[in-house]
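The values are calculated or read from the model by the stated rules, or taken from the named source; none is laboratory data. Nothing here was measured: the structure is a model prediction, and the numbers come from that model. Cβ sites come from the backbone with ideal geometry, for glycine too, and all protein chains shown count toward neighbours. Side chains are part of the model used for accessible areas, which takes the heavy atoms of the whole protein and leaves out ligands, DNA and RNA. Shrake-Rupley method; radii C 1.70, N 1.55, O 1.52, S 1.80 Å.
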Amino acid sequence: MRLATAEISLAALDHNFKRVKEFAPASQIMAVLKANAYGHGLVAIAKRLSSADAFAVARIDEALALRAGGLVKPIVLLEGFFEPQDLPILLANNFQTIIHHQSQLDALMNCDLDGMLTTWLKIDTGMHRLGISPEQFSKAYQTLSQCEHVNPNIRLMTHFACADDLSNGKTQQQLAVFSELIADKKQQTCLANSAAIIGWPDSHGDWVRPGLMMYGVSPMLNKVGADHGLAPVMRLKTRLISLRVVKKGEAVGYGSTWTCPTDTIIGVVAMGYGDGYPRHAPSGTPVMVNGKQVPLVGRVSMDMITVDLGLETDAKIGDQVILWGPELPVEVVAQCADTIPYELLCNITPRVDYHYIE
């Protein structure tokens, strides 16, 4: 039996999906499942999200894995296709593609397909990552409209750079750019990621694309999922495998980076960066042992971390340890480790056991 377990609450997933609908009741929902459903298990999560109108992934291998798993909903490739030879695969599998670069337009115009693809023309309104520039939009839209291999119902989208920060005016600027460009178009639109779904209702459009919020985690700065009525889907847990008394002045772990200020009991936990726990998490990062919050001490090892239980502890070998979950928001751990919840969730490794519960 594996000690490290990612317990996935399907009931929490259902709850969060309903919250998306409450935030954006007039929009269709494109559930974002990239990066193994943000570390939660691609096919299992997709099968539960039967009410989604479409799925979105980053790359074609993720889309093919969904089809192999028996999922038949429309799937949108958020990075689009990379090679002209990908186009027949997209058509055969009912994959929809983002178009964000002239090279993709050229490939579509020069391909030989026995059918039409559904496309989403992505406009760079200020993120400056992927997307057709506002100056290129009119020509790119016209080119797509004239392509015999493209469904005439071209959909339009963009991506916000700062939607997680309600005090930042850039989201309103991007929204204004997008609205002006498409003012005379009747096509469906998709602008809002999780942060915009929660914080910018004017951006919801015909489609929204929730990612992080579906997994019960806040996409907003300095917030946790519960602040938005979301429920954490993942509980990362393991067990204590050793207890030892360490004297005042003795050091713990690689590099002897932490020294006991007083006599204490150190608990050794079966969890490390080999499981996906962040190696850079510093001493003081909270860990839950038997419902009590205790600090991580010393360096994170490949297979183990150490926690300061104190001399009065009643902990024993085999007791449950929770690294994050409903009892300890992953947002809190991420902040301690100077990273973001996305990274912690996506970094869970294959040696962690997944347990799906109702």
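Results, tabulated for the structure shown:
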quantity: Whether the stretch 1-92 is rounded, prolate or oblate, judged on the alpha carbon gyration tensor where a/c under 1.5 counts as rounded; calculated: oblate
quantity: Rounded if a/c under 1.5, otherwise prolate or oblate - the stretch 59-216, Cα gyration tensor axes; calculated: oblate
quantity: DSSP bridge orientation in the chain - percent antiparallel, rounded to nearest 5; calculated: 50 percent
quantity: All lysines inside 26 Å of LYS21 as judged from Cα atoms, apart from same-chain residues fewer than 8 positions distant; calculated: LYS34, LYS47, LYS73, LYS122, LYS170, LYS185, LYS186, LYS223
quantity: Whole-angstrom gap from the stretch 16-64 to the stretch 262-317, using each part's C-alpha centre; calculated: 34 Å
quantity: Residue-normalised accessible area of the chain, expressed per residue, 1.4 Å probe, Å²; calculated: 45 Å²
quantity: Loop-located GluC sites (Glu not before Pro) in the stretch 123-213 whose Cβ has at most 14 other Cβ within 10 Å (DSSP); calculated: GLU148
quantity: Around LEU236: net Lys/Arg minus Asp/Glu count, Cβ-Cβ under 14 Å; calculated: -1
quantity: Stretchable slack from GLU148 to GLU22, in nm (0.36 nm times residue separation minus alpha-carbon distance); calculated: 41.5 nm
quantity: Tensor-based shape of the stretch 148-215 (alpha-carbon gyration tensor, a/c under 1.5 rounded, otherwise prolate or oblate); calculated: oblate
quantity: Loop-resident sites, the stretch 285-358, for trypsin sites (Lys or Arg not before Pro), counting at most 13 other Cβ within 10 Å (DSSP); calculated: LYS316, ARG351
quantity: Percent accessible area from carbon and sulfur atoms, the stretch 192-238, protein chains only, probe 1.4 Å; calculated: 46 percent
quantity: Segment LYS292-ALA44, extension gain: residue separation times 0.36 nm, minus the distance between their alpha carbons; calculated: 86.1 nm
quantity: Dipole magnitude (debye, nearest 20) for the chain, charges at Cβ of Lys, Arg, Asp, Glu; calculated: 580 debye
quantity: Inter-site label distance for LEU243 and LEU10 at 7 Å from Cα along Cβ, in nm; calculated: 3.7 nm
quantity: The chain: angle of helix 10-23 to the longest principal axis, Cα-based, in degrees nearest 10; calculated: 50 degrees
quantity: Net charge, GLY272 excluded, C-beta distance under 11 Å - Lys, Arg +1, Asp, Glu -1; calculated: +1
quantity: Accessible carbon and sulfur surface of the stretch 53-136 relative to its total accessible area, %, 1.4 Å; calculated: 51 percent
quantity: Reachable lysines from LYS237, criterion Cα separation under 20 angstrom, eight or more residues apart if same chain; calculated: LYS292, LYS316
quantity: Candidates per trypsin sites (Lys or Arg not before Pro) in the stretch 97-188, loop by DSSP, up to 15 other Cβ within 10 Å; calculated: ARG129, LYS185, LYS186
quantity: All aspartates and glutamates inside 13 Å of LYS139 as judged from Cα atoms, apart from same-chain residues fewer than 8 positions distant; calculated: ASP106
quantity: Matching label, Cα Rg over 2.2 N^0.38 Å computed from the structure shown, candidates (1) 1.14; (2) 0.98; (3) 1.45; calculated: (1)
quantity: Net charge contributed by nearby residues that have their C-beta within less than 14 Å of CYS147 (K/R +1, D/E -1); calculated: -2
